[in-house]
Structure formats: C-alpha cells, structure tokens
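The values are calculated or read from the model by the stated rules, or taken from the named source; none is laboratory data. Small disclaimer: the values here were computed from a predicted structure and weren't measured. FYI the Cβ positions are ideal-geometry reconstructions off the backbone, even for glycines, and counts take in every protein chain you see. Heads up: the accessible areas ignore ligands, DNA and RNA and are worked out on the full protein's heavy atoms, side chains in. Shrake-Rupley method; radii C 1.70, N 1.55, O 1.52, S 1.80 Å.
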Amino acid sequence: QVQLVESGGGLVQAGDSLRLSCAASGRTFRPYTMGWFRQAPGKERDFVAAISWSGGNTYYADSVKGRFTISRDGAKNTMYLQMNSLKPEDTAVYFCAVRTDYGISAYSGTYNYWGQGTQVTVSS
C-alpha cells in the first residue's frame, strides 16, 4: 500500500500564493507518476496537473497553466504544487494521486492511490 498525505492548504485572498505538498510513504513503486486533482462543492473531481516519474515531463489543465507549477523531489518521495495568482474559482479540496505507470494521465480513473485531500479556499 501507498499512503499519501497532502498539506499546505488554507484560506487566502485572490492573487495570493500557496504551496501544496504531498508526501508518499509505504510501499513505493517504480515507475510511477503523480498528479493533483481538485473537487469543488457539488462538482466532479477535475484534473489539475501531473508529473512524470523522472520529473521531466509535466502536464497542466488549461485553467491553471501559467499559474501553477508541479514538481517532485524523488529522494523525499514528495510532490509539490506551487499555486500563484489564486482565484476564487480555484477554491476546492485538492487531492494528490499516484499512478503506477510511466505515462502522465489526466484521467482520475487511471490513478491507483489517493490522499485524503487538503482544502484550499480563495476569497475575493
């Protein structure tokens, strides 16, 4: 089993920044890719960003491109999401996920492990 723990969420104002972290522990697979998803109240879980096993490839949802940056520290088994220029529409619970495969994916169904989520609230 893989355990994922997100942290770094909070309440901020529009235009502010936050950095989310996702720490992976337990049984770790090689290779694996990691991703961030978010879910706003009453809405489906949406893809935010993903990063390859090597960290060399990244992929973003159009809604966050240019504002969010995904990264990972392989030595620490930790992934990050730097969120800048936050907007009220970014308000959601943010989940990290692991996919035990090489390829980056934006589809939640292809991810094998999920964290519990961290709340991000952006006030206008």
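Checked against (1) of a type in the set (Ser, Thr, Tyr); (2) under 21 Å from Gln119 (Cβ atoms); (3) touching a residue at least 24 places away in the same chain (Cβ under 8 Å), Thr69 passes all but condition (3).
Can you name the residue in the range 109-119 that is closer than 13 Å to Cys22 by Cβ and in a strand (DSSP E or B) and, of all such residues, is least open to solvent (accessible area, probe 1.4 Å)? Across the range 109-119, the extreme among qualifying residues is Thr118.
When Val5, Val93 are checked against the criterion of being part of a strand (DSSP E or B) and open to solvent by 80 Å² or more (accessible area, probe 1.4 Å), Val5 stands alone in meeting it.
For the range 68-80, the set of residues classified as surrounded by fewer than 18 Cβ atoms within 10 Å (Cβ to Cβ) and basic (Lys, Arg) consists of Lys76 only. Note on the range 81-90: among residues that are within 14 Å of the chain's Cα centre (by Cα) and crowded, with 20+ Cβ neighbours inside 10 Å, the one that is nearest to Thr58 (Cα to Cα) is Leu81. Condition first: part of a loop (DSSP other than H, G, I, E, B), modelled with pLDDT of 95 or more and not basic (Lys, Arg). Can you find one or more residues in the range 18-37 that meet it? Looking for residues that are part of a loop (DSSP other than H, G, I, E, B), modelled with pLDDT of 95 or more and not basic (Lys, Arg), one finds none in the range 18-37, hence no.
I need a count of the residues in the range 38-68 that are of a type outside the set (Phe, Trp, Tyr) and outside any strand (DSSP E or B).
Total satisfying the criteria: 17.
Of the numbered criteria (1) part of a loop (DSSP other than H, G, I, E, B); (2) open to solvent by 50 Å² or more (accessible area, probe 1.4 Å), the one Ala106 fails is (2).
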